[in-house]
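Here is the structure we will look at, set down as C-alpha cells.
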Amino acid sequence: MTLFTGSPDPPRQGWWDRECGFSSSAESGPARRLEDEAAFEGTEHRRSYLPLLELQYAERRPRTDMDAIADEIRNWMSEHPTGTVVLPAGAGCSQRRSARWRRRLRRESCSPPQHADHLLTRDTVLKALRDTRATPVLYEEVPYLWGGRAGPEVDRVAARGGWRAAAFELEVDRRRKAERIAAYASQIPHISTSLGRLDDEATLPANERYWRLERRDSSTSS
C-alpha cells in the first residue's frame, strides 16, 4: 500500500518535486504512479493507493490522515484477521534531539534523516494493530539506514508500545532488487548516497534486517 499519493488542489510544486525536476504536482503525481506500477510489474503483489498528501505539500499532518490510515488497516484486517503487516522501522538520523544536537548533525552532514511520513505510518498502524491478532513486522529502510541503523529506534518503539521485538535477517537478491528500484528513475539520483546509487546492486545490503513485534502480557506492558 502506498499511502501518500494525493495531489494538492490547485497543483503546486513541492520541494521534492523541485529536487526531482518536476514543474508541479500535476506532473510528478502521474509520473511517480507509473514508476510504482513499473517497479511491481510482473509480480503477484496487489497494489493499493491512499490519496493522502506528502508533507512537501503541507506544513503539518491533519488528524484525518491518521484516521484514514487506521481505517484502511481495519478494512484490510476484516479480511485478514491474523495477517502480517510490514512497516518501516524508522531508520535514519534521529530527529528527536535537542536543537543544539541537530545543528551539530547538520555540520557533520549526518544524512539521511528519519522520514516523517515513515514515522507517522509506523506509529499510526501499530496503534491500530495493538488489540488485534495481526503480526506487525518492522523493516530497516534503505537508504535511511546509512543515516542511522534502526535497532535503537525499534527498541524505543517496542518499549513505548508494550511490544517485544524479535530480530531476524533475510538474504537479498541484490541484482533483482536493483532492477526493481531502477523503475523509480526520477528519485534515484536524489536518494542515493556517497556509497553509491540505489539501482546498483553493489550498493544494496546483502542482508536486510527485520523485527517481528510480539505482544507482552499486561503485567509487563508499558
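What follows draws every value from the coordinates through simple rules; no lab data is involved. Here the structure is a predicted model, which is why all the values come from computation and not from measurement. Here the Cβ positions follow ideal geometry from the backbone for every residue, glycine too, while neighbour counts run over all protein chains shown.
A few points about this structure:
- Calculated SAXS-style log₁₀ I(q)/I(0) at q = 0.16, 0.19, 0.32 Å⁻¹ - region 159-199, Debye, Cα scatterers: -0.61, -0.68, -1.13
- Other residues whose C-beta falls under 14 angstrom from the C-beta of Pro30 contribute a net charge of -3, scoring Lys and Arg +1 and Asp and Glu -1.
- Mean residue ellipticity (222 nm) of the chain, computed from DSSP H runs ≥ 4 via -39,500 (n - 2.57), nearest 500: -11500 deg cm²/dmol
- Counting beta carbons within 10 Å around each of Trp163, Trp16 and listing the fewest first gives the order Trp16, Trp163.
- Shape summary of the chain, radius of gyration then Dmax from alpha carbon positions: 18.0, 55 Å.
- Exposure proxy order (Cβ contacts within 10 Å, fewest to most) of Phe4, Phe40: Phe40, Phe4
- DSSP bridge pairs, the chain: antiparallel proportion in percent, nearest 5: 65
- Each of Asp65, Asp173 was scored by other Cβ atoms within 10 Å of its Cβ. Listed from fewest to most, they are Asp173, Asp65.
- Most fluctuating residue given options Thr64, Thr193, Thr203, as computed from a GNM of the chain linking Cα atoms under 10 Å: Thr64
- Along the chain, longest interval not containing exposed GluC sites (Glu not before Pro), exposed being DSSP loop plus at most 10 other Cβ atoms within 10 Å: 109-222
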